[in-house]
Amino acid sequence: MDTNATHEQARLQLELFEMRREARLRQAREWVQNNYFIESFEDAMRIGAPGTEAGTNVMMVAGYWEQACAMLNHGLLHEDLFFSTTGEFFMTWERMKPMVAGFRKQFANPHVFEHIEKAAARFEEWSEKRAPGHVARMREFMKTMRPAGTKAA
């Protein structure tokens with residue numbers, strides 16, 4: 001990939017960063033980071049059921065990162081710039097991953113969350129080339145974020 005981001009790509013990425021600072025989205029991101037530990041679609045429906053505050057938090061965060069990754073996947077964002085400055089989308093994907101198959105089945109749509117999934121797969125490859133073992137260490141660290149008494153993923 002071209003290592004030089006355009007000014008337009010950089011500007012769009014900064015706009016996405018500003019959106020992350022919006023108070024309600026920041027609150028939702030914090031809730032997901034501290035509370036969203038699932039192992040299945042059923043856990044997702046129990047912990048973040050639609051129509052609940054928790055469900056709103058999950059969908060705000062998932063929707064934000066799905067949209068940002070769609071922009072990345074369509075070439076509107078510069079991949080090296082995005083990956084080197086944005087790791088939160090990967091943590092979000094790791095948290096969401098256990099419920100994606102159930103969502104796809106429930107809504108008869110194999111494309112639900114495909115943008116974040118594709119970006120996360122490329123991020124893993126990109127990270128392993130730049131810093132072998134980084135993704136494994138990130139996953140280990142994410143396990144330490146799980147509150148005591150909850151099952152390990």
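Rule-based calculations on the coordinates, nothing more; no lab input. Quantities reported herein were computed from a predicted structural model and do not represent experimental measurements. Note that each Cβ is placed from the backbone with ideal geometry, even for glycine, and that neighbours are counted across all protein chains shown.
Any chance you could tell me what percent of the C-alpha pair distances in the stretch 15-73 go past 12 Å?
Details: 1148 of 1711 pairs.
Here the tail beyond 12 Å accounts for 67 percent of pairs.
Need one number: nm distance between label points at LYS118 and THR6, each 7 Å from Cα along Cα→Cβ, rounded to one decimal.
In this crude label model, LYS118 to THR6 measures out at 1.9 nm.
Throw me the Rg/Rh for the stretch 95-151, computed over C-alpha atoms with Kirkwood Rh, two decimals. The partial results should precede the final answer.
On the way: Rg = 14.2 Å, Rh = 13.3 Å.
Over the Cα atoms of the stretch 95-151, Rg/Rh equals 1.07.
At 7 Å along the Cα-to-beta-carbon direction for both GLN67 and ARG46, put a label point, then send me their distance in nm to one decimal.
With each label placed 7 Å out from Cα toward Cβ, I get 3.1 nm.
Suppose the chain between GLU18 and GLU94 were pulled fully straight at 0.36 nm per residue; how much longer would it get relative to their current alpha carbon spacing? The partial results should precede the final answer.
Numbers: separation 76, 0.36 × 76 = 27.36 nm, distance 2.33 nm.
Residue separation times 0.36 nm, minus the Cα-Cα distance, leaves 25.0 nm.
Assuming R0 = 35 Å, what is the FRET efficiency of LYS129 and GLU53, from their Cβ-Cβ distance, to the nearest 0.05? Walk me through the numbers before you get to the answer.
Details: r = 40 Å, r/R0 = 1.15.
The value I calculate is 0.30.
Mind giving me the FRET efficiency for ARG26 and ALA108? R0 is 35 Å, r the Cβ-Cβ distance, nearest 0.05 is fine. Intermediate results must be reported in sequence, preceding the final value.
Values: r = 33 Å, r/R0 = 0.95.
E between ARG26 and ALA108, to the nearest 0.05, is 0.60.
Dipole of the chain, Cα-centred, from +1 at each Lys and Arg C-beta and -1 at each Asp and Glu C-beta, to the nearest 20 debye? Show your work: numbers first, answer last.
On the way: 20 positive and 21 negative charges, 91 e Å.
Rounded to the nearest 20 debye, it is 440 debye.
Just need the Rg to Rh number for the stretch 20-153, please, alpha carbons only, Kirkwood Rh.
My calculation puts Rg/Rh at 0.95.
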